[in-house]
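Since the structure comes first, as structure tokens, the remarks are kept for the end.
Derivation of every value follows stated rules applied to the coordinates shown; laboratory data play no part. Bear in mind that the values here come from a model prediction, so they are computed numbers and not experimental data. No Cβ is skipped: glycine too gets one built from the backbone with ideal geometry, and neighbour counts run over all protein chains shown.
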Amino acid sequence: MSEPLVSVIMPTYNQAQFIREAITSVLKQVWKNLELIVVDNYSMDGTEQVVASIMDERLRYYKFSNHGIIAASRNYGIKQAQGRYVAFLDSDDVWFQDKLMQQMNVLEQDGRCQMVFCRFQASNTDSEPQERIFGPKDFRASGYVYHKLIRYNFIVSSSVIARKAVLENVGHFCEETSLAHAEDFDLWLRIAHNHRIVFLPQILGFYRMHMFNINVDNQRLQKALNVIDKHLSGGLTGEREANRAKANFYFREGWFTVDKDVCFARACFRNACSLNFYNFKILLPSLMGLALSFSPLLYKFIRKRDLDKRLGRLLLNHQSL
């Protein structure tokens, strides 16, 4: 039996220094039956020349103006896709050679599974591995995981492969500006709401850390809150769960910014408390965070010895710290 076709969607903009490595990581996959659809938002740094220099009939290149909304580029790519399955890779990230093979084995053997994701390891601009791992810290992230996922987005976009049919069923990426840089979180939630997804605990790629995506990360608190509000207004979640999820995001953002912006961190802790005042699993850590914001040395001591992660496993959503 021949391998089913996988369509890989790669949006890009001014990533000439990284895109060759990203493209090569797709074309060298053990799973050979694929098409790579590069959607270029009219880059001005030589990206087109880099792509044109790569000779492979599976590579397709499109220019598309997304007006600053990367979701539009991904949706354009999905519309061009001819495969039964659709995978996503950002043009600054890299796949390991067996990434698609391992995920396709799951999708082909489990007819109920609609989406598969895995873990990624951070790397720097020179593709050198870093200590940080992106993905669930708890391996119980398979199945119907909407109620876990809404509390923290533990899915890396470049790790995802889904059946094209489920993307057509739930709708593609939301192109509203209020969800920019969090449109992936919204889509994974919509898929997870009524469909089974599977998490592979293997590390199957590199997530490249550089100035642009670090700056984007700094905007994601408000974007994540917008996603939760969207799901609340759309009836996909209730007010109690929405407030619990928001509190979780506020606490996490506060905890990781205590030593960077103490005023902002304290505001986050206060918001977490006000949203879930009667839930000690949020109230207790938030009050602790608020107290530690006045004792930076003790905060650094706790972080250095990973005591916060132990507390997080006991009290918070398992992805929080």
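Derived scalar couplings between HN and Hα for segment 124-132 equal 8, 5, 9, 6, 8, x, 10, 5, 5 Hz in order, rounded to whole Hz, by the Karplus curve 6.51 cos²θ - 1.76 cosθ + 1.60 (θ = phi - 60°), x for Gly and Pro. Each helix, a run of at least 4 DSSP H residues, gives -39500 (n - 2.57); summed and divided by the residues of the chain, these come to -13500 deg cm²/dmol at 222 nm. For the pair ALA165 and LYS79, label points projected 7 Å from Cα toward Cβ lie 2.4 nm apart.
Extension gain for ASN33-ASN194 works out to 55.0 nm (0.36 nm per residue, less the C-alpha to C-alpha distance).
Placing R0 at 56 angstrom, the Cβ-Cβ distance between LYS63 and PHE294 gives a FRET efficiency of 0.60 after rounding to 0.05. Loop-resident trypsin sites (Lys or Arg not before Pro) (DSSP state other than H, G, I, E or B) in segment 32-81 with no more than 13 further Cβ atoms inside 10 Å of their Cβ: LYS32.
Taking 7 Å steps out from each Cα toward its Cβ at ARG240 and PHE264 produces label points 3.3 nm apart. With respect to the cross-link table entries LYS79/LYS99; LYS148/LYS260; LYS32/LYS79; LYS137/LYS304; LYS223/LYS281, which display a Cα-Cα separation exceeding 26 Å? Cα-Cα > 26 Å for LYS148/LYS260; rest within. Recomputing semi-axes √(5λ) of the Cα gyration tensor in Å from the coordinates shown identifies the correct label among (i) 35, 25, 17; (ii) 35, 22, 19; (iii) 31, 23, 19 as (ii).
Per-residue Karplus couplings for segment 88-93, computed as 6.51 cos²θ - 1.76 cosθ + 1.60 with θ equal to phi - 60°, are listed in order as 10, 9, 6, 6, 10, 9 Hz, Gly and Pro entered as x.
In sequence order, segment 264-275 has phi-based couplings of 5, 4, 5, 4, 5, 4, 5, 5, 4, 5, 5, 6 Hz under the Karplus curve 6.51 cos²θ - 1.76 cosθ + 1.60, θ = phi - 60°, and Gly or Pro positions carry x. Here the chain is treated with +1 on each Lys and Arg Cβ and -1 on each Asp and Glu Cβ, and its dipole about the Cα centre works out to around 1300 debye. For the chain, modelled as a GNM with alpha-carbon contacts under 10 angstrom, which of ALA52, ALA16, ALA81 fluctuates the most? Looking only at ALA52, ALA16, ALA81, the biggest GNM fluctuation is shown by ALA52. Remark: relative contact order (segment 6-217) = 25 percent; criterion is Cα-Cα distance under 8 angstrom and separation of 6 or more residues. Within the listed set ASN271, ASN75, ASN279, the residue fluctuating most in the Gaussian network model of the chain (springs between alpha-carbon atoms under 10 angstrom) is ASN279.
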